[in-house]
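This report concerns only the one structure given below.
The values are calculated or read from the model by the stated rules, or taken from the named source; none is laboratory data. Quick caveat, the model's predicted, so the values are computed rather than measured. Every residue, glycine among them, receives a Cβ derived from its backbone with ideal geometry; neighbour counts consider all protein chains shown. Just so you know, the surface numbers come from the protein's heavy atoms only, side chains and all, with ligands and any DNA or RNA stripped out. Shrake-Rupley method; radii C 1.70, N 1.55, O 1.52, S 1.80 Å.
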Amino acid sequence: MILLFIAVFFIAFIFFGLIPGFGAFLIRGQWYRFRQKLTQSSQLSVADISLLSSSSAGGQVGHFRFFGSLESIQGRNRLWVTDKNFTVGVDVEKVSVSLLRSYPIDERSATVEFSEDVPPDEEPDYLPWKKIYSLPSGIQVFVSGPAVVEDGQLIFRPHEKDSLLLIIYDGARESLLKRCIWSARQKNEYYNPFTTVSLILGALVLLLIAFLSALNQELVSFSLFSLTLATFPVVYLFPPGVFLYFLYRFFWKRSRLLRSQRDLLLLPLRYFPPETDLAAECTSAPLRNGEEYVAVRWQPGNERALFALNPQMRIRGNPLPGRSDEEGVYYIFGVRDGKEIQTSTDPMVELVCLPGNPRRLADACARKSRELGLVSAVCIFSGLLVNFTLIYLILLFTARII
């Protein structure tokens, strides 16, 4: 009898846990690779017309990125994208396209940036090109990856396993990288393309087992156990466990928010080697466009400050107030221009002020995110356990009455 209970529990685990969990692993990996590829592409050179003269013989010219708007679609699988000064082709036959939703606030309306005001509730749509049937002319496009010169034109084209990154977006190009890093993660990895089918099949299998075992009077308790497990797809919506479900959603959402904030805090560090000591008063790194990117450790009231502050600088709010071990110390990232820190000509390079050492703040966000993730898991499993117990007892009491 015990083996039967273990077997049916294992069946429930496969359909309700293992298969959706495998899908969650794939989805999380997909969005992680997307964020990594976008971050890496932000360090590539921007394609311009000089590439045509330097590669007059044609052929592969390297990896680049390009901002522009859709000019036209040639045939079915080539886009022509222009920035008004230069036009490039994009071969999209085997490319997946990311569609980034518009940002819900005007970034220019405030100097201080509070990420909590815009929780990452909606991830970009990620579709194969063959599922996109039309695009309006003039829509904004970002593309990065391998490029070739062909018939006097620069063409972005996938090369073997080296794919293109293609993003269609609305809003300011200066916010593209930050918006993608912020929102490109699944709202809840458990609900993925595998989940619905797996839940339905699991429930049907458990119901069938419950029905067949109910024909044997000695297996009534086993039948009720199988029937109880079959309610998994909806059991969390029943009281009293539903209250723990809402707690789970609250803590999980906060955990996800902190993971996004961790990534934003680390974003300006991508130009510096991992071993860079940010404790120095000023650290610099070269950019692809020839500018010098600097990280300045600054404290208000310091009359010996190396640079004058730029009023256009955005201040990123502290995601964990009171967690900084350098009270009153800020880290400013921007382009050096004499004694001033200026905005870069590269739209993916931020002029930003962080309320503490970004590495330490990011570590604190990661730790807190793990803690809240664990709390959310305890909440959802506790709610399931409570509801399963009540349902089983109700079914057992009903069976004895009948």
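Given R₀ = 22 Å, what would the calculated FRET efficiency be for L204 paired with A377, taking r from the Cβ atoms and rounding to 0.05? Each step should come with its number before you reach the end.
Numbers: r = 27 Å, r/R0 = 1.22.
Efficiency for this residue pair is about 0.25.
Tell me the accessible surface of L207 in square angstrom (1.4 angstrom probe, heavy atoms of protein chains only), to the nearest ten.
Spelled out: L207, probe radius 1.4 Å, area about 80 Å².
Give me the one-decimal nm value for the distance between modelled label points at K161 and S50, 7 Å along each residue's Cα-to-Cβ direction.
So the label points at K161 and S50 sit 3.3 nm apart.
Give a residue-ordered list of calculated ³J(HN,Hα) values for the range 133-139 (Karplus: 6.51 cos²θ - 1.76 cosθ + 1.60, θ = phi - 60°; whole Hz; x for Gly, Pro).
Residue by residue, the range 133-139 yields 9, 7, 9, x, 5, x, 5 Hz.
What are the residues whose amide H is under 5 Å from the amide H of S284, where those residues sit 5 or more places off or on another chain and H is modelled from the backbone?
Distant-sequence amide H within range of S284: A295.
Treating only the Cβ atoms of Lys and Arg (+1) and Asp and Glu (-1) as charged, compute the dipole magnitude of the range 157-280 about its Cα centre; round to the nearest 20 debye.
So the magnitude is around 440 debye.
How much solvent-accessible surface does I14 expose, in Å² to the nearest 10, with a 1.4 Å probe and all protein chains in place?
Rounded to the nearest 10, the figure is 50 Å².
Using square roots of five times the C-alpha gyration tensor eigenvalues, list the equivalent-ellipsoid semi-axes of the range 140-264 in whole Å, biggest first.
49, 23, 9
Using the basic label-point model (7 angstrom from Cα toward the beta carbon), what is the Q299 to I11 distance in nanometres?
Between Q299 and I11, the label points sit 6.8 nm apart.
For the range 213-228, what does the Karplus curve 6.51 cos²θ - 1.76 cosθ + 1.60, with θ = phi - 60°, yield as ³J(HN,Hα) per residue in whole Hz, taken in order and with x for Gly and Pro?
6, 5, 6, 9, 4, 6, 10, 4, 5, 5, 4, 5, 5, 5, 5, 5
Between Q43 and K94, 0.36 nm times their residue separation minus their Cα-Cα distance comes to what?
On the way: separation 51, 0.36 × 51 = 18.36 nm, distance 2.41 nm.
Full-extension gain reported as 16.0 nm.
Which of rounded, prolate or oblate describes the range 120-205 when judged by the alpha-carbon gyration tensor and an a/c cut-off of 1.5? Kindly include the intermediate steps, with their values, before the conclusion.
Numbers: a/c = 2.56, a/b = 1.77, b/c = 1.45.
Prolate, because a/c is 1.5 or more and a/b exceeds b/c.
Please give the length that would be gained between D277 and F243 if that part of the chain were fully extended, namely 0.36 nm times their separation in residues minus their C-alpha to C-alpha distance (nm, one decimal).
Gain on stretching D277 to F243: 7.6 nm.
In whole Å, largest first, what are the principal axis extents of the Cα atoms in the range 323-402?
The Cα atoms of the range 323-402 stretch 87, 30, 13 Å along their principal axes.
Could you tell me the ratio Rg/Rh of the range 225-265? Both radii from Cα atoms, Rh via Kirkwood.
Rg/Rh for the range 225-265 comes to 1.25.
With Rg and the Kirkwood Rh both taken from Cα atoms, where does Rg over Rh land for the range 224-292? Intermediate values should be presented prior to the final figure.
On the way: Rg = 23.7 Å, Rh = 16.9 Å.
For the range 224-292, the value is 1.40.
Dipole of the chain, Cα-centred, from +1 at each Lys and Arg C-beta and -1 at each Asp and Glu C-beta, to the nearest 20 debye?
With only Lys, Arg, Asp and Glu charged at Cβ, the dipole is about 920 debye.
Give the distance, in whole Å, between the Cα centre of the range 1-58 and the Cα centre of the range 200-275.
Here the two parts' Cα centres lie 21 Å apart.
Test of understanding: what is the full-extension gain from R28 to V220, defined as 0.36 nm times their sequence separation minus their Cα-Cα distance? Intermediate results must be reported in sequence, preceding the final value.
Working: separation 192, 0.36 × 192 = 69.12 nm, distance 4.11 nm.
Once the chain is fully extended between R28 and V220, it gains 65.0 nm.
Taking θ as phi - 60°, what are the ³J(HN,Hα) couplings along the range 236-246 by the Karplus curve (6.51, -1.76, 1.60), each to the nearest whole Hz, with x for Gly and Pro?
5, 8, 8, x, x, x, 4, 5, 5, 5, 5
Taking amide H positions as placed in the peptide plane 1.01 Å from N, state which residues far from D125 in sequence (5 or more) or on other chains have amide H under 5 Å from it.
So D125 has HN proximity to L99, R101.
Along Cα→Cβ, 7 Å out, is where each label goes; now give me the distance between the ones at I2 and S134 in nm to one decimal.
The answer from the label model is 6.7 nm.
Any idea what log10 I(q)/I(0) is at q = 0.11, 0.13, 0.14 Å⁻¹ for the chain, Debye with uniform C-alpha scatterers and no solvent?
Relative scattering, expressed as log10 I(q)/I(0), comes to -0.92, -1.12, -1.22.
On a 0 to 90 degree scale, rounded to 10, what angle separates helix 358-401 from the longest Cα axis of the chain?
On a 0 to 90 degree scale, this one is about 20.
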